[in-house]
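Here is the structure we will look at, set down as structure tokens.
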Amino acid sequence: MFYRGFWIIETNGNFITHLMHLLVFHELQRMRVNRELDIEKIMPEKPIVLEHSPFPRKGSFDFLVNAGRKNIGIEVLTRPSRKKLLEKLRYAKNVDEFVFAIPKDAFELYKKSCHKGHEHARQNFFGKEFKSPKIKVWLLDLRDLRVLVKSSFGKIFNVKEYN
């Protein structure tokens, strides 16, 4: 759309979803080229059967990556919530490493503070199931179109030690 001398890109939910998938795919390709990971195969929308759930049901990873001897499952969440993260966490039992790719501004109240001193807001915590070292998070900057942080979930967000 053209408005007052500027081209405006209309952004709806589908555009953001496609953009985040493209950013994750680009990062995986960058990691392959730079040999950060020994990536053999990247499979988008790979269907699986969730056998570890109370009853077997079908699901799919946004990306399933064969990297050497380990499988990495990646879920891209444009509007994440605690409930959605818990639902997707069941997928982690089927892979060696599980990555949540979320916008950088998601879960600001759950992030660990990087400065010392008094906190003005009450800190929120995720459950202890997110403490596993195989659960990772990638924070995506949609304005600069890059991956800002790649780390374990417990290093970025507050996670309860015990429930």
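Within segment 55-105, being touching a Gly at 6+ places or on another chain (Cβ under 9 Å) and polar (S, T, N, Q) holds for THR78, ASN94. One residue stands out among those in segment 63-89 that are in a strand (DSSP E or B) and of a type in the set (A, V, I, L, M, F, W, C): the one that is surrounded by the most Cβ atoms within 10 Å (Cβ to Cβ), which is ILE74.
Scanning segment 40-62 turns up one or more residues that are at pLDDT 90 or above, within 17 Å of the chain's Cα centre (by Cα), surrounded by 12 or more Cβ atoms within 10 Å (Cβ to Cβ) and within 19 Å of LEU142 (Cα to Cα).
Filter segment 24-39 for residues that are without any contact (Cβ under 8 Å) to a residue 12 or more places away in the chain and among the hydrophobic types (A, V, I, L, M, F, W, C); which is surrounded by the fewest Cβ atoms within 10 Å (Cβ to Cβ)? Restricting to residues being without any contact (Cβ under 8 Å) to a residue 12 or more places away in the chain and among the hydrophobic types (A, V, I, L, M, F, W, C), the top hit is VAL33.
Restricting the first member to segment 69-94 and to residues that are farther than 16 Å from PRO133 by Cα, and the second to residues that are surrounded by 17 or more Cβ atoms within 10 Å (Cβ to Cβ) and among the β-branched types (Val, Ile, Thr), the beta-carbon pairs closer than 6 Å and six or more apart or on different chains are VAL76/VAL24; LEU77/ILE102; PRO80/ILE102. Cβ separations smaller than 6 Å between residues 6+ apart or across chains give no pair from segment 140-153 residues that are outside any strand (DSSP E or B) and surrounded by fewer than 12 Cβ atoms within 10 Å (Cβ to Cβ) to residues that are of a type in the set (D, E, K, R) and at pLDDT below 90.
The values are calculated or read from the model by the stated rules, or taken from the named source; none is laboratory data. Treat the numbers as computed from the prediction; the structure is a model and nothing was measured. Methodologically, a virtual Cβ is constructed for each residue, glycine included, from the backbone with ideal geometry; neighbour enumeration extends over all protein chains shown.
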